[in-house]
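One structure is given here, and the rest of the page talks about it.
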Amino acid sequence: MASVSIHFFTASTGGLQVLSEESQIIKQRKQKALELEKQGIELFPNDIRKPERTGAIRKVYGDYDAGALEEVEDTFCIAGRIMALRRFGKAAFASIKDSSGSLQIHVSRDRIGKDAYKIFKKFDIGDIIQVEGRLFRTRTNELTIEADWVRLVTKSMRPLPEKYHGIKDKELRYRRRYEDLVMNEEVLETFRTRARIVQMLRSYFTSNGFLEVETPMMQSIVGGATARPFVTHHNALGIDLFLRIAPELYLKRLLVGGCERVFELNRNFRNEGISIQHNPEFTMLEFYEAYATYEDLMVRTEELFAQIAMDVKGSTRFTYQGMEVDLTPPWHKMTLKESLVEVGKVPEEELSHRKALQKRLADLGVEMDEREAAGKYLTKLFDLLVEPNLIQPTFITEYPTDISPLARRNAQNPVVTDRFELFITGREIANAFSELNDPRDQKKRFEEQVANRGDDEEIPPEVDYDYVRALEIGMPPAAGEGIGVDRLVMLLTDSPSIRDVILFPQLRPLTAHGSSTARDPSRTKGGKTEK
RNA sequence: GGGCCGUUAACUCAGUCGGUAGAGUAUCUGCCUUUUAAGCAGAGAGUCGCUGGUUCGAGUCCAGCACGGCCCA
């Protein structure tokens with residue numbers, strides 16, 4: 001029975017009620033709903049006439065004055081959630097919200113009838129209702145529907161958050177996104193923009209002759225990036241599988257297969273920390289173009305981002321969190337070493353001395369493992385000293401080969417690769433390179449990586465020999481790029497946190513008494529708990 | 001993993017020197033037919049995140065834990 005579970009689940013966790021708590025206010029609502037039901041009012045009917053959208057009505061009649069509206073004989077039927085209710089004795093105003101906006105209605109006893117008004121009085125803020133009537137303007141000039149009738153569409157059993165401040169607690173907003181969407185207009189706006197950006201990315205690539213594909217999210221060998229993967233198990237095959245950390249190696253198999261332009265826009269999974277710019281599952285666009293170089297991709301990226309910014313922002317110049325950003329091409333270019341010297345203020349002569357770099361890192365509080373690749377010292381310093389300062393779009397090039405296992409060596413200087421990373425507002429937003437297509441070099445690099453792996457869970461424990469085999473069949477020279485879609489959306493929606501652009505960001509689940517399932521040892525796997 | 005901050009009514013928040021819980025919204029009752037954060041009068045609503053400790057007495061002080069936020073690694 002409910003009363004039993006109530007006892008179990010009333011545990012309050014940081015202001016969060018877990019499950020079926022029965023506060024007085026909810027009891028009252030349920031009681032009210034029962035009374036309506038007893039009177040023969042359906043609480044959750046399904047025979048609702050298709051309503052008109054308030055936005056469409058406003059678009060047509062928004063400019064009509066009171067006199068002009070009197071000439072309009074049509075009635076309008078809308079449906080939506082009661083967001084505010086201002087009752088008088090025998091009449092009331094309510095704002096009705098649908099996905100296109102909201103419209104005020106006026107309900108009076110004289111017009112809808114005594115019995116109907118009695119039922120209307122039982123409606124609450126949060127209920128979804130349907131209304132039909134003619135348009136008029138109130139004394140305060142608000143476009144309003146004078147209801148001929150009102151009908152309950154869906155009864156709301158819980159009160160909405162406070163009407164003026166809405167729901168502010170970030171934890172509540174992420175956990176109960178449905179409530180956040182009901183209360184905070186700008187949330188839906190952000191996700192509409194996200195949809196538009198995704199759509200534009202897709203149409204940019206398809207219209208440029210790229211084939212959209214879907215490659216495995218469950219992989220038996222991880223690859224394509226350095227990151228700790230999630231592990232799952234396939235019962236029928238009796239094997240562990242990894243959720244992909246990148247689609248790269250499959251997309252390049254498709255280059256081998258003759259797909260000269262391919263892209264995939266989908267989710268990656270990385271079993272790492274959660275932060276203001278990291279969610280365990282995130283959306284990435286990867287594209288590969290045969291007979292192109294990383295330099296061609298710079299041009300594409302500039303063009304693509306400028307196009308999207310023009311559409312979303314109306315300009316290639318805008319502000320992000322108070323920072324002026326200018327995406328007008330061409331963007332700055334700097335080699336990794338140049339950036340360390342010019343932006344990071346590291347003396348040039350130190351850059352080729354591991355000991356000096358190590359000391360500098362130690363002074364910054366970073367202990368490096370001796371076994372780390374030399375290039376790691378540079379990128380670590382870069383992360384600390386340079387990256388946060390790259391506000392304007394900047395391509396950083398010449399990444400060391402030892403930390404770029406899939407990238408083509410530079411023809412003049414084989415210790416660096418033909419690669420760039422793109423930074424905007426102090427964040428990495430894209431990573432691209434001319435692809436390594438020499439199977440001999442690729443095999444060697446994979447094998448060295450695995451041999452030097454130690455217990456580093458970010459490095460794949462196994463060489464993907466099938467990928468090497470594919471290269472042996474022959475992959476045309478090509479360049480490929482990955483774009484962090486969530487971060488791009490953050491930039492263009494002025495969102496400070498990745499959680500603001502992901503509808504349901506990952507949070508620790510709540511259970512009875514606020515303890516966490518993650519603490520249940522039977523559910524912990526490969527845990528980070530050991531010190 | 002570390003540091004700082006937060007957790008009080010459904011929501012947004014107060015809570016003084018440690019003295020036994022407050023406001024607004026929402027809800028309920030009454031009045032009110034042009035309001036829009038409607039208004040007026042009244043009422044109900046709390047395991048002060050959890051567990052311990054100090055104390056005659058803890059929302060308040062101390063410790064641990066949980067969840068979250070921000071920063072750092």
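Peptides A:41-48, A:476-483, A:203-210, ordered by how many other C-beta atoms sit within 10 Å of their residues on average, highest first, read A:476-483, A:203-210, A:41-48. Using equal-weight Cα scatterers in the Debye expression, the normalised intensity of the stretch A:339-381 in log10 at q = 0.33 Å⁻¹ is -1.39. Take each peptide in A:231-244, A:350-363, count the other Cβ atoms within 10 Å of every residue, and average; sorted highest first, the result is A:350-363, A:231-244.
Would you work out the Kirkwood radius for chain A? I mean one over the mean of 1/r across all pairs of different Cα atoms, in Å.
Values: mean 1/r = 0.0364 Å⁻¹.
Computed over Cα pairs of chain A, the Kirkwood hydrodynamic radius comes out at 27.5 Å.
Only protein atoms count toward the accessible area here, which uses a 1.4 Å probe; on the stretch A:190-256, the carbon and sulfur part of that area reaches 54 percent.
Tell me, what is the per residue accessible area of the stretch A:80-213 in Å², probe radius 1.4 Å? Could the numbers behind the result be given before it?
Working: 6800 Å² over 134 residues.
Counting only protein heavy atoms, the per-residue value for the stretch A:80-213 is 51 Å².
A 1.4 Å probe over all protein chains sorts A:Cys77, A:Cys259 by accessible area into A:Cys259, A:Cys77, starting with the largest. Dipole size of chain A about its Cα centre, with +1 on Lys/Arg Cβ and -1 on Asp/Glu Cβ: approximately 2520 debye, rounded to the nearest 20. Spin-label pair A:Ser275-A:Arg317: with each label point 7 Å from Cα along the Cα-Cβ axis, the two points sit 3.2 nm from one another.
Ignoring lysines fewer than eight residues from A:Lys32 along the same chain, the ones with Cα atoms less than 16 angstrom from its Cα are A:Lys118, A:Lys121, A:Lys122, A:Lys155. Taking amide hydrogens as placed 1.01 Å from N in the peptide plane, the amide H of A:Tyr64 sits under 5 Å from that of no residue at least 5 positions away in sequence or on another chain.
I need the calculated FRET efficiency for the pair A:Arg139 and A:Ala56, taking r as the beta carbon distance and R₀ as 22 Å, to the nearest 0.05.
Working: r = 25 Å, r/R0 = 1.15.
That gives a FRET efficiency of 0.30.
Name all residues of the stretch A:300-322 having a backbone nitrogen under 12 Å from the label point set 7 Å from the Cα of A:Glu186 along its Cα→Cβ direction, giving them as ranges. Answer for this model: A:321-322. Mean residue ellipticity at 222 nm, helices only, chain A: -9500 deg cm²/dmol; runs of at least 4 DSSP H residues each add -39,500 (n - 2.57), and the sum is divided by the number of residues. Residues A:Lys380, A:Lys90, ordered by accessible area of protein heavy atoms at a 1.4 angstrom probe radius and largest first, appear as A:Lys90, A:Lys380. Within the stretch A:349-473, the proportion of Cα pairs with more than 25 Å between them is 32 percent.
If a spin label sat at a point 7 angstrom from the Cα of A:Tyr164 along the line to its beta carbon, the backbone N atoms of the stretch A:175-203 nearer than 20 Å would be those of A:183-186.
Relative to the longest principal axis of the Cα atoms of chain A, helix A:185-207 runs at roughly 50 degrees. In this simple spin-label approximation, A:Glu295 and A:Glu71 carry label points 7 Å from Cα along the Cα→Cβ vector, and these lie 6.6 nm apart.
Modelled this way, with points 7 Å down the Cα-to-C-beta line, the labels at A:Ile125 and A:Asp369 are 5.5 nm from one another.
The values are calculated or read from the model by the stated rules, or taken from the named source; none is laboratory data. These numbers were taken from a predicted model, which means no experiment stands behind them. A quick note on method: Cβ atoms are made from the backbone with ideal geometry, for glycine too, and the neighbour counts reach across all protein chains shown. For accessibility, only protein heavy atoms count, side chains too; no ligands or nucleic acids. Shrake-Rupley method; radii C 1.70, N 1.55, O 1.52, S 1.80 Å.
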